[in-house]
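Single-structure report; data block below.
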Amino acid sequence: MKPEKKGLIASSIVALTLVSTLAGCSGNDGATAGEGNNAGGSSAGTELKPVTLTYFSEDSSTNWNNMKDEVGKIITEKTGVTLDAEFAVGDPVQKISLIAATGNYPDLIAAKADVGKLVDAGAILDLTDLIEKHAPNIKKMLGDKIVRTKYSLEDQAIYSIPTWSAVDEKKFKADGGFELQHRVVKEAGYPEIQTVKDFEKVIQDYITKHPTDENGNKNIGLSLNGDDWHMYQVTNAGFQTTGGPDDGEYYIDQETHQATYHFRRPEEKEYFRWLNHMNNIGLLDPESFVQKTDQFKAKVASGRVLGLADPEWDYGDAQNALKAAGKLDQTYGHYPVTMSKEYKDTSFWPAGFDGGYGISISSKCKDPVRAIQFLDFLASEEGQILNNWGIEGKHYTVEGGKRVIIPAVQERMDNDNAAFQKEAGVGLYWNMMVHYGDGIKDSTGNYFTRSYPEQLTASYSEPEKETLKAYGAEHWKDLFPAEEEFGPRAYGAAYTMSLASDDPAVILGAKMKDITWKRIPEAVMSKPEEFDKIWAAYMADLDKAGVKEMEEAYTKHILNRIELWSTK
């Protein structure tokens, strides 16, 4: 089906579904109760009839407590909404495909790049009118950025409330790069760590002196989590160490906006050659590509893994276990590691606001108005503060006009965050809400998020403070190239684009992924003398599978997004 026809048909289906759904729901669950209330909750003297909405998310939520946590109870009290939630187990793409194919749509669906499958199936509503009529907080927060939430140049419906990209963010926290245990860099005398060779040397020196831990278990130089979709974290380091911003599986030329499957860049080949070298000299965990995520986390939690090349959100639970065990010098600092000094780490290259990944209301939602009001409450100042800070008097106090986390609460956040979050719910709802980013202040002059300089400093352990001081830094971010060193990206972050399931870039992209996820482990774990031969076969496989056609299709989408975002 041609794109322009698909967009017209999808829009028509959505419009008809919205009319019929609203007509069928307005008399059942008090859908219009609370209209005009900016917080999305009940208006004065009006009780919202309780409603349970079903919800599926592609993201896992290991600490989910069925909204019985302290924050969840307040959200239900304010909105009348309780979520019957399901989170992805295994491959989320398969689950979204199943939802789209069967017509068994939850009320709310949080998909990522797979949202195109839901659009094609007529599974989700165009939210444009719902936002205009019932979501003043969402509308206010998005402002003129709402154009970035439109699906495509051909189909300018809004199918998702963006939840992954923060509005007006100025990041203070470094949570990526490469990681090293504090004890490792301390023993090395806090040397300069800018290149993969610097990173390798401190690990090699430490493991030569300390081949085992205090219990006689073998220390591990570098472990990777290549379990299923976590493979993206492994392969992202290819562009990360060679000056490319995070644009998913593509490298986008900043002048021409030509998209290249990033593995085809010669400089990235050298990164994977370095991993091959690390494996050859015994510094790479030989189980990196066969271990499951829980096995990877168990190794990190044991304190035996000296180095990582992984975002903090992926290993954070294991690091919290180290903190809880008092192994603070075996937790990690962040370093801007690249292949050589000619490259800059791009962790802080801003993408601007992306209207990509988010939460959608299904065409079978039992009450779309209550659903959008629920999401609008989360977008309100009250909802933002509740999610980020918790409940005043229980989780934080206000001293001299400033919000301060209660010390006992901060200690639990630092040392037992999983149990604390399950009980308290602080931070548990961020990926259901459009939200302000770090560095943005609310109407009281306080930061919306807890990631600001003073709070970060308060959260650091003594070994962490000692390491930062040795490097002349106040925060890990100080070690990285700053946002100002990079130009704007006219297309945002390329990976947030949602494409139709029958798009050539999607169909061919699945083939490339299968080839890459087979060839990369093979190349890394091979004998060094076999690496070039395997890499050449990998490149030939990509060519044969149509990689150039895929790149051309994706380039067109990049150019279309730039054109769409330039409209008012």
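The values are calculated or read from the model by the stated rules, or taken from the named source; none is laboratory data. From a predicted model like this one, the values you see are computed outputs, not experimental measurements. Here the Cβ is made from the backbone with ideal geometry for all residues, glycine too, and neighbour counts use every protein chain on show.
Within 30 Å of ASP175 (Cα to Cα), in contact with a strand residue (DSSP E or B) (Cβ under 9 Å, 6 or more places away or on another chain) and not aromatic (Phe, Trp, Tyr), is that true of ILE562?
No, not satisfied.
The conditions are (1) over 20 Å from the mean Cα position of the chain (by Cα); (2) surrounded by fewer than 17 Cβ atoms within 10 Å (Cβ to Cβ); (3) in a loop (DSSP other than H, G, I, E, B), and PHE289 fails exactly one of them. Which is it?
(2)
Kindly check whether there is at least one residue in segment 557-565 that is in a helix (DSSP H, G or I), free of Cβ contacts under 8 Å to residues at least 60 places away in the same chain and touching a helix residue (DSSP H, G or I) at 6+ places or on another chain (Cβ under 7 Å).
no
List every residue pair whose Cβ atoms sit under 7 Å apart, with the two residues 6 or more apart in sequence or on different chains, where the first one lies in segment 288-314 and is without any contact (Cβ under 8 Å) to a residue 12 or more places away in the chain and the second, anywhere, is in a loop (DSSP other than H, G, I, E, B).
Close Cβ pairs satisfying both conditions: none exist.
Considering only residues that are at pLDDT below 95 and assigned to a helix (DSSP H, G or I), which ones fall in segment 438-484?
PRO453, GLU454, GLN455, LEU456, THR457, ALA458, SER459, GLU483, GLU484
Looking at ALA135, ALA166, ALA174, ALA113 in this structure, which one is within 24 Å of THR567 (Cβ to Cβ) and in contact with a His (Cβ under 8 Å, 6 or more places away or on another chain)?
Exactly one residue qualifies, and that residue is ALA166.
From the list PHE486, PHE480, PHE448, pick out the single residue that is in contact with a Ser or Thr (Cβ under 9 Å, 6 or more places away or on another chain), outside the structural domain of ASP91 (by TED's automatic domain parsing), among the aromatic types (Phe, Trp, Tyr) and crowded, with 21+ Cβ neighbours inside 10 Å. Working first, answer last.
Numbers: PHE486 fails: crowded, with 21+ Cβ neighbours inside 10 Å; PHE448 fails: in contact with a Ser or Thr (Cβ under 9 Å, 6 or more places away or on another chain).
Being in contact with a Ser or Thr (Cβ under 9 Å, 6 or more places away or on another chain), outside the structural domain of ASP91 (by TED's automatic domain parsing), among the aromatic types (Phe, Trp, Tyr) and crowded, with 21+ Cβ neighbours inside 10 Å holds for just one of PHE486, PHE480, PHE448, which is PHE480.
Pick out the one residue from ALA505, ALA540 that is modelled with pLDDT of 95 or more, among the hydrophobic types (A, V, I, L, M, F, W, C) and surrounded by fewer than 16 Cβ atoms within 10 Å (Cβ to Cβ).
ALA540
For residues that are within 33 Å of the chain's Cα centre (by Cα) and free of Cβ contacts under 8 Å to residues at least 12 places away in the same chain, scanning just segment 166-200, find the one that is surrounded by the fewest Cβ atoms within 10 Å (Cβ to Cβ).
Here the residue is GLU192.
State which residue is farthest from GLY244 (Cα to Cα) when the search covers only segment 333-372 and only residues that are assigned to a strand (DSSP E or B) and not assigned by TED's automatic domain parsing to the domain that holds THR241.
My answer is SER362.
When you check THR496 against the structure, is it under 30 Å from VAL547 (Cα atoms), polar (S, T, N, Q) and crowded, with 17+ Cβ neighbours inside 10 Å, yes or no? Please lay out each step first, then the result.
Numbers: under 30 Å from VAL547 (Cα atoms): yes; polar (S, T, N, Q): yes; crowded, with 17+ Cβ neighbours inside 10 Å: yes.
The answer is yes for THR496.
Among the listed residues GLY307, GLY316, GLY326, identify the single one that is among the small types (Gly, Ala, Ser), modelled with pLDDT of 95 or more and within 21 Å of PRO463 (Cα to Cα).
Result: GLY307 is the single residue among GLY307, GLY316, GLY326 that is among the small types (Gly, Ala, Ser), modelled with pLDDT of 95 or more and within 21 Å of PRO463 (Cα to Cα).
State all residues of segment 387-402 that are assigned to a loop (DSSP other than H, G, I, E, B) and crowded, with 16+ Cβ neighbours inside 10 Å; if no residue qualifies, say none.
Our first condition is that a residue be assigned to a loop (DSSP other than H, G, I, E, B); within segment 387-402, this holds for 390-391, 393-395, 400-401.
Correct list: GLY390, ILE391, HIS395.
Can you tell me which residues in segment 89-112 are touching a Ser or Thr at 6+ places or on another chain (Cβ under 6 Å) and under 25 Å from ASN63 (Cβ atoms)?
First, the residues of segment 89-112 that are touching a Ser or Thr at 6+ places or on another chain (Cβ under 6 Å): 105-107, 109-110.
Within segment 89-112, PRO106, ASP107, ILE109, ALA110 qualify.
One residue is enough: does segment 97-107 have a residue meeting the conditions within 23 Å of the chain's Cα centre (by Cα) and hydroxyl-bearing (Ser, Thr, Tyr)?
The answer is yes; a qualifying residue exists.
With a cut-off of at least 1 residues that are within 29 Å of ALA351 (Cα to Cα), name the strands (runs of 3 or more DSSP E) lying wholly within segment 178-284.
Hits in segment 178-284: 178-181, 250-252, 259-261.
Take segment 117-134 and flag every residue that is touching a helix residue (DSSP H, G or I) at 6+ places or on another chain (Cβ under 6 Å) and either under 10 Å from ILE372 (Cα atoms) or not in a loop (DSSP other than H, G, I, E, B) (or both).
Of everything in segment 117-134, those that are touching a helix residue (DSSP H, G or I) at 6+ places or on another chain (Cβ under 6 Å) and either under 10 Å from ILE372 (Cα atoms) or not in a loop (DSSP other than H, G, I, E, B) (or both) turn out to be LYS117, LEU118, VAL119, ILE124, LEU130, ILE131, HIS134.
Go through the residues of segment 499-513 one by one and say whether even a single one is assigned to a helix (DSSP H, G or I) and either closer than 19 Å to THR241 by Cβ or in contact with a His (Cβ under 9 Å, 6 or more places away or on another chain) (or both). Give the steps one after another, and end with the answer.
Going through segment 499-513, the residues assigned to a helix (DSSP H, G or I) turn out to be 504-513.
Now narrow it down to the ones that are either closer than 19 Å to THR241 by Cβ or in contact with a His (Cβ under 9 Å, 6 or more places away or on another chain) (or both): 505.
The answer is yes; a qualifying residue exists.
Just the residues that are touching an Asp or Glu at 6+ places or on another chain (Cβ under 8 Å) and not hydrophobic (A, V, I, L, M, F, W, C), please, taken from segment 134-153.
Selection gives HIS134, PRO136, ASN137, LYS139, ARG148.
Filter segment 74-95 down to the residues that are out of contact with any Gly (no Cβ under 8 Å at 6 or more places or on another chain) and in contact (Cβ under 8 Å) with a residue 40 or more places away in the chain, then identify the one that is nearest to GLN421 (Cα to Cα).
ILE74
Is there a residue in segment 204-215 that is modelled with pLDDT under 95, among the polar types (S, T, N, Q), over 30 Å from ARG265 (Cα atoms) and surrounded by fewer than 19 Cβ atoms within 10 Å (Cβ to Cβ)?
Checked segment 204-215: at least one residue is modelled with pLDDT under 95, among the polar types (S, T, N, Q), over 30 Å from ARG265 (Cα atoms) and surrounded by fewer than 19 Cβ atoms within 10 Å (Cβ to Cβ).
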